[in-house]
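What follows is a short report on a single structure.
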There are 2 protein chains.
Amino acid sequence: MAYELYYWPGLQGRGEFVRLALEEAGADYVDVARLPKSEGGGVAALRRVLDSPAEPHLPFAPPFLKDGDLIVPQVAGILYYLGPRLGLAPQGEAARTAANGLQLTIADLVAEVHDTHHPIAASLAYEDQKGAAKPRAAAFLAERLPKFMGYFERVLTRNPRGAAWIVGDGLTYVDLSLFQVVEGLRYAFPRAMAPFSDRWPVLARLHGAVAARPNIARYLASDRRIPFNETGIFRRYPELDGDARAA
Amino acid sequence: MAYELYYWPGLQGRGEFVRLALEEAGADYVDVARLPKSEGGGVAALRRVLDSPAEPHLPFAPPFLKDGDLIVPQVAGILYYLGPRLGLAPQGEAARTAANGLQLTIADLVAEVHDTHHPIAASLAYEDQKGAAKPRAAAFLAERLPKFMGYFERVLTRNPRGAAWIVGDGLTYVDLSLFQVVEGLRYAFPRAMAPFSDRWPVLARLHGAVAARPNIARYLASDRRIPFNETGIFRRYPELDGDARAA
């Protein structure tokens, strides 16, 4: 039976980390909310689960995955569950624990990126929190971005099985998520990310290697890949990007 | 060999979710950074791992656990790993996946609580971001707190194995973390949390049931339980609490 991914239609958002894994593996899946309404799609499809009066394993928010009757919530939870099934997890509990830790660190980074444009409330429009967004984004770019990128670069560089992938000697879902993070940061902060390949060359190489995977390249060129836009996690607001003079 | 927990000394913080599991299980563990410096404790103990020039599985930040040579990072990752070993995880992949999803949702809530007092930058003092903290905390209390509490109440109430615990019919690490969240929210926001037991009675009952567990009660009364303070996640800043008139 096909996996069912439930995520807000119209944006990459957190759902994209799951899509990349499903696409790389060539898995049979349905992106439920992107189906036409006549076929049960749209936001109503999400609400049917989130507001279900009977479902015991309610998710808190999209994305969530349905595998038959089982609901798997949270990006890191979904990828931990899918990883071995899609051939995208390393072998053995120690390596899977390391992969999970890295994915949870990516989740933290993603939440911080989101809050660069929504530092006060998710319920407010960006324009209504721009005043706080500017110092938040500036602190993110000055302090947090280099800390996260430097960390992933270090872990990659030290991988005892080689620096091609971040855990073990083969591609895992964590590499796909790192690709997405770099892609998103480059979209959102082109000035701040200009020195990326020079500062973090091993991570930049990984980004390129993921982009060149045949299934990923095909996916990125397809209309299944929603373009980045200003409703997702990674938004291009030039006033939040790094100082052009410093780029 | 004893588990080694690594976390900033002097605060409960995210380390407390791990401590509660270790304490409930009566596990043999060392809270490494709380050892005297002469015994290898203090922040230097954390830095030795975080700044290690050789360790391949570097954690991004505390807390992390060492089990022999294996480093397990991130609260949800640590609890997923420890759960079965401590007898605090449910049986079977489906229930463990549900527990992991709930724990990841707790992690999201904890990050949001942290940002009520640090909406701009972790590197700035609270006093330097108080202006943004007020609207962030107000939005958290008005929108997010009821959403999270209502969600956990709903999942608890619907547990097919009974509403005593949130997954299956026995205590798991998720219940311990829910206790800590409620305890922390009551400390930080006493006015906003005043109606807690009336609005979310099943969750309130779970909180009381965890507090009454013999090992937990002993731990809470011991000096191993660091009191809440204004360096942790849950901070009591009266100006961020709910409106006294509404309490």
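Each of residue A:48 and residue A:209 was given a label point 7 Å from its Cα along the Cα-to-Cβ line. The distance between the two points is 4.1 nm.
Seen from residue B:223, the other residues with C-beta closer than 14 Å to its C-beta sum to a net charge of +3, counting Lys and Arg as +1 and Asp and Glu as -1. Summing Cβ point charges (Lys, Arg +1; Asp, Glu -1) relative to the Cα centre of the stretch B:93-246 gives a dipole of roughly 380 debye.
Comparing each chain alone with all protein chains together (probe 1.4 Å, DNA, RNA and ligands left out), the residues of the stretch A:142-181 losing at least 10 Å² of accessible area are A:143, A:144, A:147, A:148, A:151, A:154, A:155, A:158, A:160. Run through every distinct alpha carbon pair of the stretch A:23-156 and return the Kirkwood hydrodynamic radius in angstroms, one decimal place. The answer is 17.7 Å. Inter-copy label distances for residue A:127: 3.7 nm (label point placed 7 Å from Cα along Cα→Cβ; shortest first).
For every other residue with a beta carbon closer than 14 angstrom to the beta carbon of residue A:175, add +1 if it is Lys or Arg and -1 if Asp or Glu, then tell me the sum. Result for the local shell: -2.
Taking all protein chains as they are arranged and a probe of 1.4 Å, the heavy atoms of residue B:197 leave approximately 60 Å² accessible to solvent.
Comparing Cα centroids, the stretch A:37-61 and the stretch B:20-50 end up 44 angstrom apart. In the context of the full protein assembly, residue A:191 retains an accessible surface of approximately 80 Å², using a probe radius of 1.4 Å and ignoring ligands and nucleic acids.
In this structure, the residue pairs whose Cα-Cα separation is over 24 Å, taken from A:134/B:130; B:37/B:66; A:37/B:147, are A:37/B:147.
Using 17 Å as the cut-off for backbone N distance, which residues of the stretch B:108-135 belong to the label zone defined by a point 7 Å from the Cα of residue A:128 along Cα→Cβ? Residues passing the 17 Å test: B:132-135.
Centre-to-centre, using Cα atoms only, the stretch A:146-189 and the stretch B:97-149 are separated by 27 Å. Between copies, residue B:91 shows label-point distances of 3.0 nm, shortest first, with the point placed 7 angstrom from Cα along Cα to C-beta. Of A:134, B:37, the residue with the largest accessible area leads and the full order is B:37, A:134 (1.4 Å probe). In this assembly of identical copies, the label point of residue B:26 (Cα plus 7 Å along Cα-to-Cβ) is separated from its counterparts by 5.4 nm, sorted shortest first. Working note: Debye formula, equal point scatterers on the alpha-carbon atoms of the protein assembly as shown, no solvent; log10 I(q)/I(0) at q = 0.06 Å⁻¹ is -0.26. Within the stretch B:93-246, the proportion of Cα pairs with more than 18 Å between them is 59 percent. Subtracting the Cα-Cα distance of residue A:85 and residue A:217 from their residue separation scaled by 0.36 nm leaves 45.3 nm.
Taking every protein chain into account, the 1.4 Å probe leaves residue B:237 with about 30 Å² of accessible area, to the nearest ten. Rounded to the nearest 20, the Cβ-based charge dipole of the protein assembly as shown about its Cα centre (Lys and Arg +1, Asp and Glu -1) stands at 320 debye. The mean count of C-beta atoms from other chains within 10 Å of the C-beta of residues in B:94-100, rounded to a whole number, is 6. Per residue, chain B reaches -15000 deg cm²/dmol at 222 nm when only DSSP H runs of four or more residues are counted, each adding -39500 (n - 2.57).
Here r is the Cβ-Cβ distance between residue B:224 and residue A:55 and R0 is 56 Å; the resulting FRET efficiency, rounded to 0.05, is 0.90. Residue A:70 sits among other residues whose Cβ lies under 14 Å from its own Cβ, and their net charge, with Lys and Arg +1 and Asp and Glu -1, is -2. Per the Debye calculation on the stretch A:3-86 with a single equal scatterer at every Cα and no solvent contribution, log₁₀ I(q)/I(0) for q = 0.11, 0.18 Å⁻¹ amounts to -0.26, -0.71.
The values are calculated or read from the model by the stated rules, or taken from the named source; none is laboratory data. Predicted model, so just to flag it, every value in this text is computed and none were measured. Note: ideal-geometry Cβ built from the backbone for every residue, glycine included; neighbour counts use all protein chains shown. These area figures cover heavy atoms from the full protein model, side chains too; ligands, DNA and RNA do not enter into them. Shrake-Rupley method; radii C 1.70, N 1.55, O 1.52, S 1.80 Å.
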